[in-house]
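Worksheet: the structure to be examined is printed underneath.
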Amino acid sequence: MLRSLVGSEMCIRDRNRLIAQVVSSLTMGLRFNGCLNGSLDELEPNLVPYPRFKFMISSQSPIFPASKKTDLEELSNLVSSTLEAYKPANIMVKCDSTKGSYITTTLNYIGDLIPKHTGPTVLALKYSGLIKFVDWYPTGFKCGITYEPPLVIPGGDIGQVPRAVSMISNSTSIDEVFIRNNAKFDIMYKKRAFLHWFVNEGLEEGEFLEARNNLAELHAEYEEALINTDTLEETVKA
């Protein structure tokens, strides 16, 4: 998503503006009128099935450079915009969302829409093959509509569109991030690299191992979430 905006030159300003755009869209239902809007108090219970499963993936579609001439009518197509939001290249976390399973997902549609527009879109998404739910919670969709058109930063790199969709999901694919960070930590900790800086500030060496074990346990919990309930029942009976 970011590369489509600014090519290979990705400065901090570009990253911050893109993050601000997505976060603003995810919370528009709190600030503007709409249909099926929910507060953050409602969002959390729908997205977090277990206390430790609180790490989300998110995206927004469509996003395109302001300098690029684009057919706005084509960009307003809800089905294509929704499918784009779930493609791994557009997820704002470095993980392959197609390799994991979704637990829950929330879609916030922004613009001049009514609820009957979202039904066929969700149906198309279910049969697209882009999204697969864990079998113990197969109906994890929640949709909201905000009537306010998408907002952009004046003079920014992101182009204005009449409609958009923002997505925030709880997916087991986030486990890739923990695996990657664990591997990097193990390499550095084996060499005790930079450890003295933290010890001099008052941390004990055992706290590093405790944090590492905590991430290992979280990885195991995400692995367990992927186990089909049928397989789990057979294991328990055995």
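The values are calculated or read from the model by the stated rules, or taken from the named source; none is laboratory data. Bear in mind that the values here come from a model prediction, so they are computed numbers and not experimental data. No Cβ is skipped: glycine too gets one built from the backbone with ideal geometry, and neighbour counts run over all protein chains shown. The area values use the complete protein model at the heavy-atom level, side chains included, leaving out ligands, DNA and RNA. Shrake-Rupley method; radii C 1.70, N 1.55, O 1.52, S 1.80 Å.
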To the nearest 10 Å², what's Glu223's accessible area with a 1.4 Å probe? 90
Strictly greater than 19 Å: what percent of every Cα pair in the range 95-238 meets that? 68
Cα-Cα longer than 30 Å, checked against Lys87/Lys116; Lys87/Lys190; Lys54/Lys87, kept in input order, equals Lys87/Lys190
Count charges around Leu26 for me, please; just the other residues with Cβ under 14 Å from its Cβ, Lys/Arg as +1, Asp/Glu as -1. -1
Accessible-area ranking of His117, His196, largest first, probe 1.4 Å: His196, His117
Judged on accessible area alone, 1.4 Å probe, highest first, Leu209, Leu43, Leu113 line up as Leu209, Leu43, Leu113
Per-residue SASA entry for Ser128, accessible area with 1.4 Å probe, Å² rounded to 10: 50
Keeping all protein chains in place and using 1.4 angstrom, which order do Lys132, Lys87, Lys99, Lys142 fall into by accessible surface area, from largest down? Lys99, Lys132, Lys87, Lys142
Would you check the accessible area of Asp112, probe 1.4 Å, heavy atoms only, in square angstrom rounded to 10? 120
Neighbourhood charge, 14 Å Cβ-Cβ cut-off, centred on Pro51 and excluding it, Lys, Arg +1 and Asp, Glu -1: -1
